[in-house]
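Reading through the structure tokens given below for one structure.
Derivation of every value follows stated rules applied to the coordinates shown; laboratory data play no part. Note that the structure is predicted; figures quoted are calculated from it, not measured. Using ideal geometry, Cβ is built from the backbone for each residue, glycine included, and neighbour counts are taken over all protein chains shown.
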Amino acid sequence: MVLSEKQRDDLNKAVADYLKQNGYHESYKSFKQESEVEGEGDAKHVNILEKKWTSIVRLQKKINDLTAQLSNVKEEVIEVANPTALARRKDPSQWIPRAPFAHSLPGHRLPITATIFHPNFVIVATASEDTTIKIWDYESGEFEKTLKGHTDSVNSIAFSPDGKILASSSADMTIKIWDFSSGDYECLKTLHGHDHTISSVKFLSNELIVSASRDKSIKIWQVETGYCTATLKGHLDWVRKAIPSPCGKMLASCSNDQSVKIWDLEKKEIKSDLREHSHVVEDVVWSNSNAVNYITKGIANTGGDTKPYESTSESNSKDLASRFVVSCARDKSIKLWDVVTNTLIFDLLSHDNWVREIKFHPGGRWLISASDDRSIKTWDLENVRAHKTLSDAHEHFVACLDIHKKGNKVVSGSVDTKINVWDCR
């Protein structure tokens, strides 16, 4: 590109001003001599290079955002032209998260560690490394309250099935129970017993909770008394998650020891030890009743034997759902397991970095995942493939997500300290 004489003169004066302003005095003198810049630049040359540079960065970000939006629009146009996809879009049970996000909720000072929808109210709770829990109205995007009490990173939060209690676990080695029945959000009690960071807390029922810790143990607690009723040991390293099965008879846990373990809650012992991951297993989740049919179709589509899964009577739907678990890991993979035969059924591969959290869509067909590649992916279990990707869902690693029980909203949290609420359609 050839500059005019005036453009060249303006550029030389801008460079000279940059060198002078930043203390490069020898370079400033040499540049003025070689470029034959006469006198000092005008006011318009002051800091002009810095202004141009930041403008280019902002414009590049805007271009990237518009490119992503255009890609989403193209995908939606293609879907509209597809009769099968169009019929699916008319069915709310098949809706998936789509850009742009409905709300971005700023307020936490450090990375987000957990997000969860309330089972009954129009609120979402979020946890952060800044030691706080925040409550938001996800329809309006308005902030409601901050819950303070932990003295270190809050790593996990969970609502009781009836929505009257929130449990939180922290790196301060405590579990706190919060009252959500009155609207005061008061801390009712604090549970002590773990010897290291508590990475996960879940409700077994309204009366019992289960926690997983860096002390390599899993504990079961009574909500009313705060007493630990059982301690499960078997992992060789940090236990990341411990998740109750739909039938309530088992737990699935994952760990830094690269394993997924299935526990018999009645016998308090390991039932299955699943080992195919090659890095830390970040999350594990049980199937739901609606997903069983799609998983069975996925097994058929990948050439697997579907005879063991053909019973679909209503009476054993929870037992069927409790046959499948999905795990995700830092090896960038998502794996579907049969815990009866202790076999890996299939892998889902498409993420470019650690996969942090996974959730089954209530409709059953989709699996939603969050990853350090900054994306949120929707997976088609029937066709065993990635279906939709929200690229650059956050400006940093996507650490966590949750999907509303109606399947109409997804909330995600990130290391960028933001919470994004996505509409499903």
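How far is helix 25-35 tilted, in degrees, relative to the longest principal axis of the Cα atoms in the chain, given as a value from 0 to 90 rounded to the nearest 10? Approximately 60 degrees, to the nearest 10. Averaging the sequence gap over all C-alpha pairs within less than 8 Å and six or more residues apart, then dividing by the number of residues, gives segment 101-423 a relative contact order of 14 percent.
Apply the a/c threshold of 1.5 to the C-alpha gyration tensor of segment 124-177 and tell me whether it is rounded, prolate or oblate. Oblate is the answer for segment 124-177, as a/c is 1.5 or above yet b/c matches or exceeds a/b. Under the shape rule built on the C-alpha gyration tensor, where the axes satisfy a ≥ b ≥ c, segment 185-297 is oblate, since a/c reaches at least 1.5 while a/b does not exceed b/c.
What the phi angles of segment 107-120 give under the Karplus curve with 6.51, -1.76 and 1.60, with θ = phi - 60°, is a coupling list of x, 6, 9, 9, x, 7, 10, 7, 9, 7, 7, 6, x, 10 Hz, glycine and proline written as x. Among [x] 0.96; [y] 1.04; [z] 1.10, which is the computed Rg/Rh (Cα atoms, Kirkwood Rh)? Computed from the coordinates, Rg/Rh (Cα atoms, Kirkwood Rh) corresponds to [z]. Each of the peptides 226-238, 249-261 was scored by the mean count of other Cβ atoms within 10 Å over its residues; in descending order, highest first, they stand as 249-261, 226-238. Sequence neighbours fewer than 8 away in the same chain don't count; with that in mind, list the lysines whose C-alpha is under 29 Å from residue 13. Within the straight-line cut-off, residue 13 pairs with 29, 32, 44, 51, 52, 61.
Straight-line reach from residue 271: taking Cα to Cα under 15 Å and skipping same-chain neighbours fewer than 8 places apart, the aspartates and glutamates in range are 338. By its C-alpha gyration tensor, with a ≥ b ≥ c as the square roots of the eigenvalues, how is segment 354-425 shaped: rounded for a/c under 1.5, else prolate for a/b larger than b/c, else oblate? It comes out oblate by the Cα gyration axes.
Computed from Cα positions, the angle between helix 48-80 and the longest principal axis of the chain comes to roughly 40 degrees.
Maximal additional length on extending the residue 249-residue 268 stretch stands at 5.8 nm, based on 0.36 nm per residue less the C-alpha distance.
Where only DSSP H runs of four or more residues are counted, the chain gives -6500 deg cm²/dmol as its mean residue ellipticity at 222 nm, each run worth -39500 (n - 2.57). Between residue 96 and 425, the built amide H atoms are under 5 Å apart, and every one of these is 5 or more places off in sequence or on another chain. To the nearest ten degrees, helix 291-301 and the longest principal axis of the Cα atoms of the chain are 80 degrees apart.
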